Amino acid sequence: MKITAPVLSCAFTLLAASHAHSMQTDSIGHYTTGLIPKSYGHCESLKPEISRAFMEAANVELLSTECSSRSSGSVLTLNYVETSRPVEFNTTRGRSVNDDIAGRGYIKTETECETRKPGVVQVFKAATGLNPFLVYCTEDEAANSSTHPWHVAIEAVGIGNMTYQYIDRMLSDGMSTNPEALTTEIKQYFSSRPDTMVVDAVYRIDNISFARVGIALLAKKRVSINKYEFLTTRSERDCGFEADELKAAALRAGMPVVGHGCQFRQSDYHKTFLITETRSQLSYDTTGITFDTMEACRAAREVLFQDMRRRLGDTVVGISCRSGADQPTAFVIFRP
């Protein structure tokens, strides 16, 4: 397995520490890679090509390259002369933008990561306009990354047109929605925007058995998502109907819906949820109108919706049928 970096024609030689510098504002800069797996080679054997690739990309004088060997791979630290114009980096590594405890992995295995690496690099180049000086697959050892611990690590010099972000949200300790449908919906949402490029969206189970959704993307601005839970149903089938109605209501309210679905907790009913880029603009209240079955409530939904709009105005954006411990009841969904 070969690491992606220019091949050296000669061995790397450390620059003399006593090299004279004309700029009084010079200082020492440090850049540390992520964990490069053993499959890419021993740390000392990686130093020459990574050092040369870094110098050429950053256009800096390199003082030294330090090697830190670990049980699963190597980490390199490049120490360089930084002038009054600091070197900027664009990387797919680092802490999560919105959830610092979340793992950044979105790929199950190293083999799968190697297969997907060229495609991810292509997306990165198109989004940022930058050419990476180093590309490798790396395993995230942070919390909550148990089922998808791998991701493609890309190191590039420059700010670029977009920056990489990984967003993670916990869903529940149980999930009844179709994970593939949810991740497809999320991908379609961000793919339709001119200011974002999707790397992947994954549904995964973390190391404490909670369902989570992770979104890896490149974006011009910071992206933030929020998850909101709404009304309950007794069955998964009923929850699916009500989740779709909830999404329709949110769209009528002008909310950007990133994803929607159903979830359950082991000690609770099924509950509908929305994932949005904004704070929830929805509220709801019971009509006090009950039905013998959820089917009867759904059958009356459109007539009830129009009636409530006539009575309460166009702040009414939907009707949700709730089934908990009591009879199925119609709730009005409002835009505040």
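The values are calculated or read from the model by the stated rules, or taken from the named source; none is laboratory data. Values in this document were obtained by computation on a predicted structure and should not be read as measured data. Here Cβ is always computed from backbone atoms with ideal geometry, including for glycine, and neighbour counts include all displayed protein chains.
Please go through segment 259-301 and pick out each residue that is part of a loop (DSSP other than H, G, I, E, B), in contact with a Leu (Cβ under 9 Å, 6 or more places away or on another chain) and under 24 Å from S191 (Cα atoms).
Hit for segment 259-301 is S280, nothing else.
Among the residues of segment 192-210, which ones are surrounded by fewer than 19 Cβ atoms within 10 Å (Cβ to Cβ) and within 20 Å of G105 (Cα to Cα)?
Just the residues of segment 192-210 that are surrounded by fewer than 19 Cβ atoms within 10 Å (Cβ to Cβ), to begin with: 192-195, 205, 207-210.
Result: I205, N207, I208, S209, F210.
State which residue is modelled with the lowest pLDDT when the search covers only segment 250-282 and only residues that are among the hydroxyl-bearing types (S, T, Y) and farther than 21 Å from I215 by Cα.
Of the residues in segment 250-282, the ones among the hydroxyl-bearing types (S, T, Y) are 267, 269, 272, 276, 278, 280.
Those left that are additionally farther than 21 Å from I215 by Cα: 267, 269.
Numbers: S267: 65, Y269: 82.
The selected residue is S267.
Is one or more of the residues making up segment 126-140 in a strand (DSSP E or B), at pLDDT 95 or above, surrounded by 15 or more Cβ atoms within 10 Å (Cβ to Cβ) and hydroxyl-bearing (S, T, Y)? Full working, then the answer.
Filtering segment 126-140 for residues in a strand (DSSP E or B) gives 134-139.
Subsequent filtering for residues that are at pLDDT 95 or above retains 134-137.
Narrowing further to those that are surrounded by 15 or more Cβ atoms within 10 Å (Cβ to Cβ): 134-137.
Among the residues that remain, those that are also hydroxyl-bearing (S, T, Y) are: 136.
Among the residues of segment 126-140, at least one is in a strand (DSSP E or B), at pLDDT 95 or above, surrounded by 15 or more Cβ atoms within 10 Å (Cβ to Cβ) and hydroxyl-bearing (S, T, Y), which makes the answer yes.
Would a scan of segment 67-76 turn up a residue that is under 16 Å from I154 (Cα atoms), crowded, with 20+ Cβ neighbours inside 10 Å and modelled with pLDDT of 95 or more? Even if it seems obvious, please write down each step before you answer.
First, pick out the residues of segment 67-76 that are under 16 Å from I154 (Cα atoms): 74-76.
Adding the requirement that they be crowded, with 20+ Cβ neighbours inside 10 Å leaves 74, 76.
Retained after the next criterion (residues that are modelled with pLDDT of 95 or more): 76.
Yes: one or more hits.
Among the numbered conditions (1) farther than 20 Å from C297 by Cβ; (2) in contact (Cβ under 8 Å) with a residue 60 or more places away in the chain; (3) not β-branched (V, I, T), tell me where L231 comes up short.
It fails just one condition, (1).
Filtering segment 88-113 down to residues that are under 25 Å from K47 (Cβ atoms) and buried (at least 17 other Cβ atoms within 10 Å of the Cβ), which residue is modelled with the highest pLDDT? Spell out how you get there, then give the answer.
Taking segment 88-113 first, the residues under 25 Å from K47 (Cβ atoms) are 88-94, 110, 113.
Subsequent filtering for residues that are buried (at least 17 other Cβ atoms within 10 Å of the Cβ) retains 89-93, 113.
Numbers: F89: 93, N90: 93, T91: 92, T92: 91, R93: 82, C113: 96.
Ranking the candidates gives C113 first.
M170 fails exactly one of the following numbered conditions: (1) more than 27 Å from I154 (Cα to Cα); (2) of a type in the set (A, V, I, L, M); (3) not in a loop (DSSP other than H, G, I, E, B). What is the number of that condition?
For M170, the failing item is (1).
Picking from T177, T184, T147, which residue would you name as being among the polar types (S, T, N, Q), surrounded by fewer than 20 Cβ atoms within 10 Å (Cβ to Cβ) and at pLDDT below 90?
On the way: T177 fails: surrounded by fewer than 20 Cβ atoms within 10 Å (Cβ to Cβ); T184 fails: at pLDDT below 90.
Result of the check over T177, T184, T147: T147.
Within segment 165-179, is there a residue that is in contact with a Cys (Cβ under 9 Å, 6 or more places away or on another chain), of a type in the set (A, V, I, L, M, F, W, C) and outside the structural domain of V60 (by TED's automatic domain parsing)?
Yes, segment 165-179 has at least one match.
For the condition part of a strand (DSSP E or B), within 12 Å of the chain's Cα centre (by Cα), under 24 Å from M162 (Cβ atoms) and modelled with pLDDT of 90 or more, what is the one hit in V198, V223? Break it down into steps so the answer makes sense when it comes.
Working: V223 fails: part of a strand (DSSP E or B).
Just a single option satisfies the conditions, and that option is V198.
Taking segment 315-327, which residues are at pLDDT 95 or above and either within 19 Å of E295 (Cα to Cα) or assigned to a loop (DSSP other than H, G, I, E, B) (or both)? Quick ask: steps written out before the conclusion?
At the first step, the residues of segment 315-327 found to be at pLDDT 95 or above are 315-321.
T315, G318, I319, S320, C321 - these are the residues of segment 315-327 that are at pLDDT 95 or above and either within 19 Å of E295 (Cα to Cα) or assigned to a loop (DSSP other than H, G, I, E, B) (or both).
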